[in-house]
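Reading through the structure tokens given below for one structure.
The values are calculated or read from the model by the stated rules, or taken from the named source; none is laboratory data. What you see is a predicted model; the values in this text were computed from it and never measured. Cβ: placed from backbone, ideal geometry, glycine included. Neighbour counts: every protein chain shown.
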Amino acid sequence: MTTFFIIALVIALTGSTIVLAPLLRDFFKGGHEESRPGLTLSTGILVALLVPLMSLVLYSRWSTWDWAATPATQPAATAEQMHSMEEAIATLEQRLEQQPDDVQGWQMLGRSYMSLRRFSDAARAFQQVAELSGPEATAAQADYGEALFLSDPGGMQGEAGELFRDLVNRAPDNPKVMWYGGLAAFEAGDDAEGRRLWSQLRGMDLPPEMQRIIEERLGPADVGTAPAVASAPETSSEAKPLAAGGIRVSIELDPALRGRIAGPVPLFIFARRPAGGPPLAAVRRSSSELPLSIDLSDDNAMMQGIRISDQEQLKLVARLSMSGSPRQQPGDLFGEVEYSRDGEPEVTIRIDQVAP
């Protein structure tokens, strides 16, 4: 990978030189900027400086999947990279103050903000892209909706949910719309629509993290809606070290509730913010595995760009679904605990309540 970045840097610098050299030659010969319509010396210098920096930083943080999302498993940028990117962003912000109609500039700014997890700033940048591009630019609308979703504690309960429900009708083949439209449907209790949208994503070349999330939510392909076990049993968590920022969760069922389970039912383990909102991480197992010990980590993230290791407080929930649906229904059995990073990384959830 180091060799690749060196080669990429050389290519980027070569491209920058091609852009900049003619401008400098004309400038020192006394030429005028007006002699090259649409490309001033100052703009050329800015592009030449930004191209290699933004190319390397953004490529190192984004997957080949064409979404403005950073997989939770990718390493964080170094302090030097972060400082360099902040400087580049500041330069781009200043340029956009002078050229507020630059759609590509706003798009680059929004993606840069996403890379730094500045989701509120990204939402404002992508809103500019959406407004400048018009309502027919559904890809721009989807970028805006994604940033809204990641910046709003209410998740799909707010404007983002409304936007993606609309985009499902206008851009049904857009993978990002399918993904977030499915999340919006699940959050609204429309499991059939959520399953329909995510089932369409199964055959696409998705990142492994997203494939895993879909399999955990829907179960294995060509299986009914409520399989007893959605994934192969993991090896005991005692046999492997806890991932950085991970939480070791032991789940047990209150003996007084065992009589309510006639056979194996799905067991869902969630991590969400204490204030509510959509699950940040989730695992699907089976009641037949109880008592169970699992590790919740960034590998179980439900949303690209949000990691549970960044959360100081979490609510951990274990629920036995009598209906097979991930959404709580009357009669489900559940237990929950509040988790704080100040405490131990191991917690126990006792399933001892019945959903009304």
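Worth pointing out:
- Going through (1) in contact with a Phe, Trp or Tyr (Cβ under 6 Å, 6 or more places away or on another chain); (2) not in a loop (DSSP other than H, G, I, E, B) one by one, PRO326 falls short only on (2).
- Residues located in region 289-304, provided they are out of contact with any strand residue (DSSP E or B) (no Cβ under 6 Å at 6 or more places or on another chain) and acidic (Asp, Glu): GLU289, ASP298, ASP299
- Pair list, Cβ < 6 Å and 6+ apart or interchain, from region 271-282 residues that are in a loop (DSSP other than H, G, I, E, B) to residues that are charged (D, E, K, R): PRO274/LYS315; PRO278/GLU187; PRO279/ARG272; LEU280/ARG272
- Qualifying residue in region 283-292 (condition: among the hydroxyl-bearing types (Ser, Thr, Tyr), in contact (Cβ under 8 Å) with a residue 40 or more places away in the chain and in a loop (DSSP other than H, G, I, E, B)): no
- Scanning region 260-310 for residues that are surrounded by 18 or more Cβ atoms within 10 Å (Cβ to Cβ), over 16 Å from ASP332 (Cβ atoms), of a type in the set (S, T, N, Q) and over 14 Å from the mean Cα position of the chain (by Cα) returns a single hit, SER297.
- For ARG350, the conditions (1) among the basic types (Lys, Arg); (2) modelled with pLDDT of 90 or more; (3) under 28 Å from ASP152 (Cα atoms) all hold with the exception of (3).
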